[in-house]
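What follows is one structure encoded as structure tokens, with my remarks underneath.
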Amino acid sequence: MKPFSVFSLQDKQDLSKVASFEHSRFLAGGTNLVDLMKHQIEEPDQIVDLSGWQEAHQISESDHKVTIGALVTNTELADFAYRQPTLSLLSQALLAGATVQLRNRATTGGNLLQRTRCYYFYDTTKACNKREPGSGCAALDGFNRIHAVLGTSEHCIASHPSDMATAMTALDATVHTMNAAGEVRHIPVRELYTLPGDTPHIETQLGADELITAVSINKTARGTQIYQKVRDRSSYAFALVSVACAMHVKDGIIENINLAFGGVGSRPWHAKSAEDYLRGKSATEALFSQAADVELSAAKGSGGNDFKIPMLKRTLVHVLGQAASHQQQHPDHEGAIHVR
Amino acid sequence: MSSITINGQTHGLPQDPRTTLLDFMHQHLQLFGAKKGCDHGQCGACTVLVDGERMNACLLLTFQLAGKSIVTIEGLASDDELHPLQQAFIDNDAFQCGFCTSGQICSGVALKSELEKNRPSTLWFDPDYTKTEDVKERLSGNLCRCGAYPHIIDAVSICTDEQEA
Ligand SMILES: Cc1cc2nc3c(=O)[nH]c(=O)nc-3n(C[C@H](O)[C@H](O)[C@H](O)COP(=O)(O)OP(=O)(O)OC[C@H]3O[C@@H](n4cnc5c(N)ncnc54)[C@H](O)[C@@H]3O)c2cc1C
Ligand code: SF4
Ligand code: FES
Ligand code: FES
């Protein structure tokens, strides 16, 4: 690990006291950044340590919305959201990720900004445009079983690994930030991440001095929710494919639908075309299959990950079917359910 | 608050901010109970309790832990008596080479308190989940290359059941 200096942030106002944000990284739980620093993939000269920032550990609630401080741990958030029917999808996604040890340490802000698990990104002897812009992409004709099929470019096919961010994308969460000049932004999580294009090293629209302060989610009713994660083993593995779904069906008609995919997109994938196709129509298996085709029409495999396209379709159709039949059996049901 | 408490003893923080808790314990304090299996958060052999919560010591930078209280496998037993879960590991033959054991036991100790706090696992969304499946899911962060899982699950299950009784 390369040596670094430490600035200890006690309050978000302290951002203005940081002399420079060049070669600087915010450090929250460190479960991703410390790992990458050990591999010398991340080599910051300065760490802005967030562990003394007390205010960011709070979850606050109003009648309409929940605001989650950036340092709320994945365990705390899963525990909280489990007991909130309109948000329990988020709990299901968080608890499907990593392990208890990691979730106890990982934070809300850090989870959103965790980096890809692409093998070549981790291997400093290989070409990687994300790690070293302009060097090429070893994954394109290498092992690319875990890579993305949506939103990729010829410069990078890495998938975004977060389960939490996928659920937050479905729930249309808002990310709150502040920069060193004290400017505050409220960014829909659906707009936080940029597509790789020819700049895969840029992953979000955040500036180097821009701190995530909190994430807020409206408490509107969303109906039956399902986070279905398909992976190589049933625990402690990243998603090959995941579907986050919330559906409200009334008299056989899909009144409201929220959909996002994990493991398949270069960012947590908001399945907007599928949502638009489904909304207002009668919930049938044929419709679900058509909606999957609409969303997946632009999907592109790279060889090793070709299987993800049919796997995503099957998972989506299954999840939509389970959510719809639960809504029909239990009208006005609100909350996450388990499906096999 | 530039100190850290480990098994009841207070220590100054290491000079170099790059020092992980695991390396600090191994290289500065001669505490070798927590093991280094992977050094990347992927195996759980380094599991310790930080203010009672289990975490991977290999991914913790020590300077971030000022004021925290750490318990490792070395701190679980009292005077002459083993911790009940340590005893259960012996009684159930829950290890082979023993390399994962200190992490498994720290994890199991925390698991018990997490159940007492009613913390959900992903299985809780399934009304038909079994206690054994739940223990397995909650212990998935501790790998055992010897494959001693069945007896590890037995030892931890026996201890958590006793707690509930
Ligand atoms: C073995 C292993 C398995 C895993 N499995 C899964 C899985 O199945 N599913 C899953 O979703 N995740 C998984 N993870 C990833 C884990 O969820 C992330 O490492 C974790 O959420 C990161 O949070 P952190 O607080 O530790 O972030 P850090 O490591 O501290 O930071 C990560 C990034 O976010 C930035 N950052 C942190 N906080 C802020 C802030 N407030 N404002 C601006 N920038 C910030 C940092 O600068 C850094 O770039 C796994 C990790 C490991 C090691
Ligand atoms: S897919 Fe992206 S992260 Fe992976 S090697 Fe190619 S450029 Fe790097
Ligand atoms: S040594 Fe820490 S998880 Fe493997
Ligand atoms: S007993 Fe050998 S690794 Fe678990």
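The values are calculated or read from the model by the stated rules, or taken from the named source; none is laboratory data. Please read these numbers as outputs of a predicted model, since none were measured by experiment. FYI the Cβ positions are ideal-geometry reconstructions off the backbone, even for glycines, and counts take in every protein chain you see. SASA here: full protein model, heavy atoms, side chains in, ligands and nucleic acids out. Shrake-Rupley method; radii C 1.70, N 1.55, O 1.52, S 1.80 Å.
Going by what's in this entry, would B:Q86 be described as away from every other protein chain (no Cβ under 14 Å) and assigned to a helix (DSSP H, G or I)?
Values: away from every other protein chain (no Cβ under 14 Å): yes; assigned to a helix (DSSP H, G or I): yes.
Criteria met by B:Q86.
Give the stretch B:89-126 a look and list any residue that's surrounded by fewer than 21 Cβ atoms within 10 Å (Cβ to Cβ), within 12 Å of another protein chain (Cβ to nearest Cβ) and among the polar types (S, T, N, Q), or say none.
B:S113, B:N118
Test each condition in (1) buried (at least 22 other Cβ atoms within 10 Å of the Cβ); (2) within 14 Å of chain B (Cβ to nearest Cβ); (3) more than 16 Å from ligand 3 (Cβ to nearest atom); (4) farther than 22 Å from A:E42 by Cβ for A:V100 and report the one that comes out false.
For A:V100, the failing item is (3).
Of all residues being of a type in the set (V, I, T) and more than 8 Å from chain B (Cβ to nearest Cβ) in the stretch A:22-67, which is most open to solvent (accessible area, probe 1.4 Å)? Just the residue, please. Reasoning before the result, please.
Filtering the stretch A:22-67 down to residues of a type in the set (V, I, T) leaves A:31, A:34, A:41, A:47-48, A:59, A:66-67.
Checking which are more than 8 Å from chain B (Cβ to nearest Cβ) leaves us with A:41, A:48, A:59, A:66-67.
Working: A:I41: 25, A:V48: 0, A:I59: 54, A:V66: 0, A:T67: 37 Å².
Selected residue: A:I59.
Filtering the stretch A:106-159 down to residues that are hydroxyl-bearing (S, T, Y), open to solvent by 50 Å² or more (accessible area, probe 1.4 Å) and more than 9 Å from ligand 2 (Cβ to nearest atom), which residue is nearest to the other protein chains (Cβ to nearest Cβ)?
Ranking the candidates gives A:T124 first.
Give me the pairs, please: first residue somewhere in the stretch A:84-102 and in the same structural domain as A:G262 (by TED's automatic domain parsing) and among the aromatic types (F, W, Y), second residue anywhere and assigned to a helix (DSSP H, G or I) and surrounded by fewer than 24 Cβ atoms within 10 Å (Cβ to Cβ), beta-carbon distance under 9 Å, and either six or more positions apart or on two chains.
none
Kindly evaluate B:G41 against the criterion of being out of contact with any His (no Cβ under 8 Å at 6 or more places or on another chain), more than 10 Å from every other protein chain (Cβ to nearest Cβ), assigned to a loop (DSSP other than H, G, I, E, B) and of a type outside the set (A, V, I, L, M, F, W, C).
In short, no.
Among the candidates A:G197, A:G223, A:G263, which residue alone is buried (at least 16 other Cβ atoms within 10 Å of the Cβ), away from chain B (no Cβ under 14 Å) and within 16 Å of ligand 2 (Cβ to nearest atom)? Give the derivation first.
Numbers: A:G197 fails: buried (at least 16 other Cβ atoms within 10 Å of the Cβ); A:G223 fails: within 16 Å of ligand 2 (Cβ to nearest atom).
After ruling out the rest, the residue left standing is A:G263.
If the requirement is being in the same structural domain as A:Q84 (by TED's automatic domain parsing) and over 16 Å from A:S91 (Cα atoms), which of these qualifies: A:H270, A:H248, A:H186?
On the way: A:H270 fails: in the same structural domain as A:Q84 (by TED's automatic domain parsing); A:H248 fails: in the same structural domain as A:Q84 (by TED's automatic domain parsing).
Among A:H270, A:H248, A:H186, only A:H186 is in the same structural domain as A:Q84 (by TED's automatic domain parsing) and over 16 Å from A:S91 (Cα atoms).
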